[in-house]
Amino acid sequence: MVGRSFLDLGLLSQEQIPIVAARLEAKTEGKAAGSDEYTIKTRNGTCLTLEVKSFPIRIENRTLVLGVARAITDRKLAEKQAEEHREHLFHVSRLSTLGEMASGLAHELNQPLSALLSYANASQRSLGHADRDVERLRANLDQVVSQARRAGEIVKRVRAFAQRRPPVLHPTNINEIVRETLAFLHFEMVHKEIQVVLDLGESLPRVLADAIQLEQALLNLVRNAIEAMETTEPSERRLTIRTAAAAPGMVKVTVSDTGAGLPPEIQGRVFDSFFTTKPDGLGIGLSITRTLIELHRGQLWIEPGKGPGCTFAFTLPAALEDSTVPRGD
Amino acid sequence: MPEPESTVFIVDDDQPVREGLAELMRTIQLNTEVFATAAEFLESFDRSRPGCPLLDVRLPGMSGLRLQDEMTARDITLPVIFITGHGDLPMAVEAIKKGAYDFLEKPIGDQALLDLINAALAEDQRRRKTWVEVNAFQERLTLLTSREREVLDLLKAGKSTTAIAETLEISQKTAQVHRTRILEKLQVEPVPALLTALHRFNMM
C-alpha cells in the first residue's frame, strides 16, 4: 500500500490489538521473523486483509519496527485461484499429450538404447579377441557414453514437459523452441512420412516466454497439422514452420500443413473450448494454445487463403533487452 | 559358412544405430555397408554382390516395406532381415508374408542378430547356387529340338516310352533315341533325376 499509512487504511479490530502488540514486541526483540496477516476494518466499513512484513531497525539507540503492508484483496485471491486452475489445466493437457505420444516416445528412446547396446556388445566381443584394438575399443565406449546421454536427454525433455511448476519467463530464442518441439515429434514425422521444412529467421529478437508453455502451444499446433495430413498422399505431406521478425518489436511464427484445410464456417469456431472435428478429440487443444499465446501477450489466428492446407500464425512481443534474465544454469 | 565376400547392407536413418550395428558385425569379420535411406541402398545396388539387407521397417522417405516391394519389382531376391520397434508386429507380419527372411525386435540381442545374419547369408549363397544351376539348365533346354520338347512334356506327364511312341505315332526305338538325347543334352540321368531337377527349378 504505497503512500498510505496504516491509519489511513483503517483500524484493527479490538481483539486483534493485543495479538499485534505481542508480535511487534517479539519482532523488536528479534524473537520473531516472517510476515503476518492482519485484517483491518476500513473507514467505509469493509474488511481488508493485509500481508505485513516487519522487521526491527535501530535509530539513535531506539529500536523501532518497520513494517510494509500489502493488501490481499478478494479479487487478487480470485485471480490467483483462476491462475492456478489454468496452470492445472495446462498441466493436465500436457500429460494427456504425452500419453498420446507415448508410443512414439518409446520408439525415440529405443534408438539410442539400440545403438548403445550394439556398441557395448561389440566392445565385449572385441575384448575376447587376441588382437584387440584399444583405440577402437575406446571409440566404441565413447559411443556408449554419448548414446546413454542421448537417451538421458530424451527422458529429461519428457520430464520437463510433464512437470507441474509455475511458469517462469525468460528471454527465449523462438528457434530453439521450434527445434525442441520437433525433437518430440521426430518419430511421428518419420513414421507418417512427413517432410519437415524449417524456415527459421536469423538473429531474431528473443521473446519473453516460459519455454515449456511455448513448447506446449507449438506442439499442439504441429500435432494438429500432422493429424490434418492423415488423408494426404504421403509424397505430398509437408509441414512448414517459419519464424520471422514482424514489425514493430514482434516475432511471428507460422505452422503450415498440406492437409485438407479448414472450411471457412469452421474457422471461426476452432478456438472454442470443446469444439472438435475429430471423432476422439476433446476440443481443448487449440483453445489452450490460444490462451497460452495470449498469456504471453501474443495473438493466434488462422492465416486466410493460404491453401492448400491450413496455416496457423501467432505473434509474440520481443523481450526488451534490459529484461534479459540470466538462465538458471 | 557364407563366402567371405558376402556383405550385410545396413539401412537405418539413425547414424549411431547403423554404425553400431556395423561395428558389431565387424567383430565377427562380416563385411558391412551402411545406408541412411532406402534410395541410397537401391542406387548403389549391384545384383552380382552376395549378402543380405538389414532394414529398419520404418525409414524416412521410402519405408522398409516399400523398399521390399521395390526389390521384388526389380527381381532382387536377397534375403531381407527387418528390424522392428515395439508395436510394429503387424508390419513385421506383412513383411514376412511378402517374403522377408525374418525380423528382429529392438533392442536386439547380439547373438540372435549375428546368428540370423549368418543364416540369411547362407540362404543367399544357396539361392545364388540354385540360380546358377537354373540358368545353366535353361541354357541346356534351348538345345532341345521341337520334337524332343514334345517328348520331354510327355515325360513330365509321367508317360512311359511305349505310351510316348503311341501318342506321337512313332516307333518305340525312335522314342527311346529321343529320350536318350534329352538326358544327354540336359546332362542328367536317369529320368527320375530329370523330374526331380525340373521340380527343383519350378519347371514342372
| task | Return the residue satisfying two criteria in turn: it lies in the stretch A:171-186 and is within 16 Å of A:Glu100 (Cα to Cα) and surrounded by 21 or more Cβ atoms within 10 Å (Cβ to Cβ), and of such residues it is farthest from the other protein chains (Cβ to nearest Cβ). | result | A:Thr181
| task | Give the stretch B:1-27 a look and list any residue that's touching a Leu at 6+ places or on another chain (Cβ under 6 Å) and within 14 Å of another protein chain (Cβ to nearest Cβ), or say none. | result | B:Val8, B:Ile10, B:Val11, B:Asp13
| query | Would you pick out the residues in the stretch B:44-54 that are in contact with an Asp or Glu (Cβ under 9 Å, 6 or more places away or on another chain) and either away from chain A (no Cβ under 14 Å) or among the aromatic types (Phe, Trp, Tyr) (or both)? | reply | B:Ser44, B:Arg47, B:Arg49, B:Pro50, B:Gly51, B:Cys52
| message | It is to be established whether one or more residues within the stretch A:264-273 are open to solvent by less than 50 Å² (accessible area, probe 1.4 Å), at pLDDT below 90 and assigned to a loop (DSSP other than H, G, I, E, B). | response | yes
| request: Check the stretch B:32-48 and report whether any residue there is modelled with pLDDT of 90 or more, among the β-branched types (Val, Ile, Thr) and under 20 Å from B:Leu113 (Cα atoms). | output: yes
| remark: When the stretch A:229-243 is checked residue by residue, the ones that are assigned to a strand (DSSP E or B) and open to solvent by 100 Å² or more (accessible area, probe 1.4 Å) are A:Arg242
| Of residues in the stretch A:188-215 being closer than 28 Å to B:Asp13 by Cβ and charged (D, E, K, R), the one farthest from the other protein chains (Cβ to nearest Cβ) | A:Glu202
| request: Return the pairs, sorted by first residue and then second, in which the second residue is buried (at least 17 other Cβ atoms within 10 Å of the Cβ), the first residue lies in the stretch B:138-161 and is closer than 14 Å to B:Ala197 by Cα, the beta carbons are less than 6 Å apart, and the residues are 6+ apart or on different chains. | output: B:Arg140/B:Leu186; B:Leu152/B:Ile182
| remark: Subset of the stretch B:165-196, residues touching an Asp or Glu at 6+ places or on another chain (Cβ under 9 Å) and at pLDDT below 75, comes to B:Leu168
| request: From B:Val191, B:Val134, grab the single residue that is farther than 23 Å from B:Arg47 by Cβ, of a type in the set (A, V, I, L, M) and surrounded by 13 or more Cβ atoms within 10 Å (Cβ to Cβ). | output: B:Val191
| From B:Asp88, B:Asp110, B:Asp115, residue being within 14 Å of chain A (Cβ to nearest Cβ), open to solvent by 60 Å² or more (accessible area, probe 1.4 Å) and not hydroxyl-bearing (Ser, Thr, Tyr) | B:Asp115
| Boolean, A:Ala160 is modelled with pLDDT under 95, assigned to a helix (DSSP H, G or I) and closer than 29 Å to B:Arg66 by Cβ | no
| query | Given the conditions (1) within 14 Å of chain A (Cβ to nearest Cβ); (2) buried (at least 18 other Cβ atoms within 10 Å of the Cβ), which single one is not true for B:Leu78? | reply | (1)
| request: Check B:Pro60 against each of (1) more than 13 Å from chain A (Cβ to nearest Cβ); (2) over 23 Å from A:Arg136 (Cβ atoms); (3) crowded, with 16+ Cβ neighbours inside 10 Å and name the one condition it does not meet. | output: (1)
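Conditions tested, residue by residue: (1) without any contact (Cβ under 8 Å) to a residue 24 or more places away in the chain; (2) open to solvent by less than 60 Å² (accessible area, probe 1.4 Å).
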residue	(1), (2)
A:Asn121	yes, yes
A:Arg132	yes, no
A:Arg138	yes, no
A:Gln147	no, yes
A:Gly152	yes, yes
A:Lys156	yes, no
A:Phe161	no, yes
A:Arg164	no, no
| field | Members of the stretch A:110-138 that are more than 9 Å from chain B (Cβ to nearest Cβ) and either farther than 19 Å from B:Leu114 by Cβ or not in a helix (DSSP H, G or I) (or both) | value | A:Ala130, A:Asp131, A:Arg132, A:Asp133, A:Val134, A:Glu135, A:Arg138
| said: Any residue that is touching an Asp or Glu at 6+ places or on another chain (Cβ under 6 Å) and assigned by TED's automatic domain parsing to the domain that holds A:Glu303 - is there at least one of those in the stretch A:195-214? | reply: no
| task | Could you tell me whether A:Leu89 is in a helix (DSSP H, G or I), under 27 Å from the mean Cα position of the chain (by Cα), surrounded by 14 or more Cβ atoms within 10 Å (Cβ to Cβ) and more than 14 Å from chain B (Cβ to nearest Cβ)? | result | yes
| task | Consider only pairs whose beta carbons are under 6 Å apart and that are at least six residues apart or on different chains; among these, list those whose first residue lies in the stretch B:48-77 and is of a type in the set (Asp, Glu) and whose second residue is modelled with pLDDT of 85 or more. | result | B:Asp56/B:Asp12; B:Asp56/B:Ile83
| Matching residues in the stretch B:28-43 - criterion: being free of Cβ contacts under 8 Å to residues at least 12 places away in the same chain and either under 22 Å from B:Ala92 (Cβ atoms) or within 14 Å of another protein chain (Cβ to nearest Cβ) (or both) | B:Gln29
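The values are calculated or read from the model by the stated rules, or taken from the named source; none is laboratory data. What you see is a predicted model; the values in this text were computed from it and never measured. Virtual Cβ from ideal backbone geometry, glycine too; neighbours counted across all protein chains shown. SASA here: full protein model, heavy atoms, side chains in, ligands and nucleic acids out. Shrake-Rupley method; radii C 1.70, N 1.55, O 1.52, S 1.80 Å.
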